[in-house]
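Here's the structure, in structure tokens; my notes come after.
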Amino acid sequence: MDNKYDAVIVGGGILGTFHAFHALELGLKVCLVEKNAYPQGATTQNFGQVVPSGMNSKWQKFGRRSLQIYQDIQSKFDISVRQNGTVYLASNEEEERLLVELRAINNNNDYESKMLTKSECLERYPGLRRTYVTAGLFFPQEVTVEPSTMIHRLQEYLVQEKGLAMKTNFTVVSCERKASYVEVLSAGGEVLQASKVIICNGSDFKTLYPELFATSDLEISKLQMMQTKPQENYALKGSILTGWSIRRYEAFHECPSYSKIKRNEPQDSLEKKWGVHILFKQAVDGSVILGDSHQYADVDRMEDLGYDLDMDIDNFMVKEAKKIIKLPTYEIQRRWYGMYSQCKSSDLFKKTIDEHIHIVTGIGGKGMTGSAGFSKKNIATIFNR
């Protein structure tokens, strides 16, 4: 029957789509279902930066595998991958020390990186303010994608070239274990049968298993981002991460100097209150995406985050961004927020129900970078391959 599959993947974001990809690579019959007409969650509401360099040692391995997967797909089908590298820009001696320590860690991991002098940074990145930068650390293998289009192109590739069945506007309201399969029921009454169901539900915790999620240690992060109008005659290549990111990203937690530096930071600053770190990434139309902020709430209180944009946060980020890079224009054409889920005590949320229903969510800010590599391992584990 057409409604029988080896795997039904619930959730058409980056994590669910790459689970579908790797299941297809195993030769399985796969259906990917998405509750909306197209993915609208964190997968499309981010910078599009694929940066294994910012992850801890465990997730850097997944991220580096993701880079290979992105590049392999891009060689066959355009999913908007551009390899322009990632740079971390230090603004003082403490941050520069962390860059030196991170480079040593990555040398031991055989992950290519290069220290840049102040002059080299100024030459590579037009508009970078001399008063801000002291040094940089560059990772040439890292890539960017266009978040508003990448997931659609990836799914198009899987449908056209890999035989993926995809159903949109398909809200799953129940997964019920039968004798030898799982019955997946949509709000519209459509039924699918699957040997395995994998639920990658992002930040939607009210449709399936709400009681399970309410008692978990999952939390929601709300991020504010902005996009300038296209910059005329200006090119800013790759992912630009600043001292704010150096002080936040997990990779730097493994540096010997990190704990001491964090202890000496002021705890009552606006960047602490709003979880701000400043990033830049130029889109294909010449505009620059910048941000972002982080505000948190437990899954059962996610409404507390609100549905509006806090202009004080946006204005603060623009003010600080101007201290780092002088763009031709900081006129903003678009502002938005994204939400992703993450665990407080582990790197993601995994739960198996009735042996054949696997929940995988709460990947946090690691989704764009880590999903492709992690999903390969997780699919192999679920199907014992």
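The values are calculated or read from the model by the stated rules, or taken from the named source; none is laboratory data. As the structure is a prediction and not an experimental result, all values here were calculated from the model. All Cβ positions, glycine included, derive from the backbone under ideal geometry; neighbour counts span all protein chains shown. Areas reflect the complete protein model, heavy atoms only, side chains present, ligands, DNA and RNA absent. Shrake-Rupley method; radii C 1.70, N 1.55, O 1.52, S 1.80 Å.
For segment 306-363, a residue qualifies if it is more than 30 Å from residue 7 (Cα to Cα), open to solvent by less than 40 Å² (accessible area, probe 1.4 Å) and assigned to a loop (DSSP other than H, G, I, E, B), and the qualifying residues are 306, 324, 327, 329, 330.
Tell me, yes or no, whether segment 68-77 has at least one residue that is under 14 Å from residue 246 (Cα atoms) and open to solvent by 20 Å² or more (accessible area, probe 1.4 Å). The answer is no, given that none of the residues of segment 68-77 is under 14 Å from residue 246 (Cα atoms) and open to solvent by 20 Å² or more (accessible area, probe 1.4 Å).
When 7, 23 are checked against the criterion of being in contact with a Lys or Arg (Cβ under 6 Å, 6 or more places away or on another chain) and among the small types (Gly, Ala, Ser), 7 stands alone in meeting it. State the number of residues belonging to segment 219-238 that are at pLDDT 95 or above, assigned to a strand (DSSP E or B) and hydroxyl-bearing (Ser, Thr, Tyr). Of the residues in segment 219-238, 1 are at pLDDT 95 or above, assigned to a strand (DSSP E or B) and hydroxyl-bearing (Ser, Thr, Tyr). The numbered conditions (1) modelled with pLDDT of 90 or more; (2) of a type in the set (Asp, Glu); (3) over 19 Å from the mean Cα position of the chain (by Cα) are all true for residue 265 except (1).
On the basis of being of a type in the set (Phe, Trp, Tyr) and open to solvent by 60 Å² or more (accessible area, probe 1.4 Å), does residue 181 make the cut?
yes
Taken together, 301, 385 contain a single residue that is surrounded by fewer than 22 Cβ atoms within 10 Å (Cβ to Cβ) and either among the small types (Gly, Ala, Ser) or closer than 23 Å to residue 197 by Cα (or both), which is 385. Confirm whether residue 104 is among the aliphatic types (A, V, I, L, M) and in contact (Cβ under 8 Å) with a residue 40 or more places away in the chain. Taking the combined requirement at face value, the residue does not satisfy it. Are any of the residues in segment 265-281 in a loop (DSSP other than H, G, I, E, B), surrounded by fewer than 16 Cβ atoms within 10 Å (Cβ to Cβ) and in contact (Cβ under 8 Å) with a residue 60 or more places away in the chain? Within segment 265-281, none of the residues are in a loop (DSSP other than H, G, I, E, B), surrounded by fewer than 16 Cβ atoms within 10 Å (Cβ to Cβ) and in contact (Cβ under 8 Å) with a residue 60 or more places away in the chain. Does residue 249 qualify as being in contact with a Leu (Cβ under 9 Å, 6 or more places away or on another chain), farther than 23 Å from residue 125 by Cα and open to solvent by less than 70 Å² (accessible area, probe 1.4 Å)? In short, no.
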